[in-house]
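> Here it is, the structure, as structure tokens.
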Amino acid sequence: MKKDKTEIAFELAEKVGNGLLKTASVAGKAALKTANTAGKLLYKGASKCAGRLGEMDRKDLLKLGCAAACVTALPIFLTAPGRADRKQKEPFQNRNFAHRGLHSRDRSVPENSLRAFALAAEAGYGIELDVQLSKDGQVVVFHDDTLNRVCGVDSRVDELTYDQLQELRLLDTEERIPLFSEVLSVVRGRGPLIVELKNGRSNRELCEKTCEMLRKYNGEACIESFNPFIVAWFRFHGKEFLRGVLAAPQKEYGAQTSGFNAFILSRGLLNFICRPQFIAYKIGKRPAPIRLSLALGAMNVGWTSHETRNEKGRDAVIFEFYRPKLIYRKRQ
């Protein structure tokens, strides 16, 4: 099938963006080493500059003003969210979403299981869940990249076919890894969905298949991902769906990516690529760029909550291990 101009442009942007991330990681380390030295030099020069401001003519002051405007505008350009209308926001506004379904602390109802989703839907909660691809391209609902923690198998999810995955059980129960289509059939529009697309080896295929299934689904759903390029795909190809970026403090990324990439992702500095309409940030202290994005209009979603007080100031909350109200009044 011949690719249209939008598809070609998106592929080019993705390649360039990935290259920039790798380059930025190297450059960032060098920049951090010199930051203290540069800071000292700027501090020493500040008093001299202040003394010379009075000697500048109008042209010099105009140049200085333009430079200051550019410095001020850059953070806004990097972190600004996309616009969402009331119709897109309404199904998710002031809602509590069951994290990976209404699973239990004692593991008798496993996370991301059909039973957990059925319980959440019966109670009327919104639902957050995770999708990724099996080896044979089936969209399955599972959180981790590997099967070790939940299924006790030393393998990646995308290394096994769907039939092979069906032989496994979740947390020593009778529950198995469900297909996304099965989850949609169980929920049947009884609560809005937050669908997290996991970063993997075939992101474009995952985006295409997830989008197609959601378009046929008779219910409300939005998408999110830690990977800005996945969110960007929906910016160009699935505009009807509310989209969000997942993020957490820099230390939470661990060995998943380089330190400088974690710095960028934890602060939403790639928002200009995907223009997320909501920011789903781990509950706790948020860095300045994230706060700026929220101030500029991004919906404020918090994860993962274990008490009702986390509803304060947030547009939506992803919770587990307690039973909050279905819909709450937003408090500042």
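> Quick check on my filter: what residues within the stretch 190-211 are within 17 Å of V141 (Cβ to Cβ) and in a loop (DSSP other than H, G, I, E, B)?
R190, G191, P192, K198, N199, G200, S202
> Those residues that are over 27 Å from the mean Cα position of the chain (by Cα) and either among the hydroxyl-bearing types (S, T, Y) or buried (at least 19 other Cβ atoms within 10 Å of the Cβ) (or both), I need them from the stretch 163-178; list them, please.
T173, E175
> Test V186 against the stated conditions and say whether it is of a type outside the set (K, R) and either touching a strand residue (DSSP E or B) at 6+ places or on another chain (Cβ under 9 Å) or surrounded by 23 or more Cβ atoms within 10 Å (Cβ to Cβ) (or both).
So V186 does not fit the description; no.
> Return yes when I230 is within 12 Å of D130 (Cβ to Cβ), among the aliphatic types (A, V, I, L, M) and at pLDDT 95 or above and no when it is not.
no
> Select from the stretch 109-149 the residues that are over 20 Å from the mean Cα position of the chain (by Cα) and small (G, A, S) and list them in ascending order.
Across the stretch 109-149, the qualifying residues are S113, A116, A118, A120, A121, A123, G124, S134, G137.
> Right, here's the next one. Of the numbered conditions (1) part of a helix (DSSP H, G or I); (2) surrounded by fewer than 17 Cβ atoms within 10 Å (Cβ to Cβ); (3) under 21 Å from the mean Cα position of the chain (by Cα), L214 satisfies every one except a single condition; which is it?
Unmet for L214, out of (1) part of a helix (DSSP H, G or I); (2) surrounded by fewer than 17 Cβ atoms within 10 Å (Cβ to Cβ); (3) under 21 Å from the mean Cα position of the chain (by Cα): (2).
> Enumerate the pairs (first residue in the stretch 284-312 and under 20 Å from R331 (Cβ atoms); second residue anywhere and assigned to a helix (DSSP H, G or I) and at pLDDT below 95) with beta-carbon separation below 8 Å, excluding pairs fewer than 6 apart on the same chain, so at least 6 apart or on different chains.
The qualifying pairs do not exist here.
> Consider the stretch 175-227. How many of its residues are in contact with a Ser or Thr (Cβ under 6 Å, 6 or more places away or on another chain) and farther than 20 Å from F92 by Cβ?
1
> In addition: So, in the stretch 89-129, of the ones that are part of a loop (DSSP other than H, G, I, E, B) and touching a helix residue (DSSP H, G or I) at 6+ places or on another chain (Cβ under 6 Å), which residue ends up surrounded by the most Cβ atoms within 10 Å (Cβ to Cβ)?
Ranking the candidates gives G101 first.
> If you take the residues of the stretch 251-272 that are surrounded by fewer than 18 Cβ atoms within 10 Å (Cβ to Cβ), part of a helix (DSSP H, G or I) and not charged (D, E, K, R), which of them is modelled with the lowest pLDDT?
Only one residue tops the list, namely A255.
> Does L197 satisfy being more than 25 Å from I279 (Cβ to Cβ) and either of a type in the set (A, V, I, L, M) or within 25 Å of the chain's Cα centre (by Cα) (or both)?
no
The values are calculated or read from the model by the stated rules, or taken from the named source; none is laboratory data. Source: prediction; values computed, not measured. Every residue, glycine among them, receives a Cβ derived from its backbone with ideal geometry; neighbour counts consider all protein chains shown.
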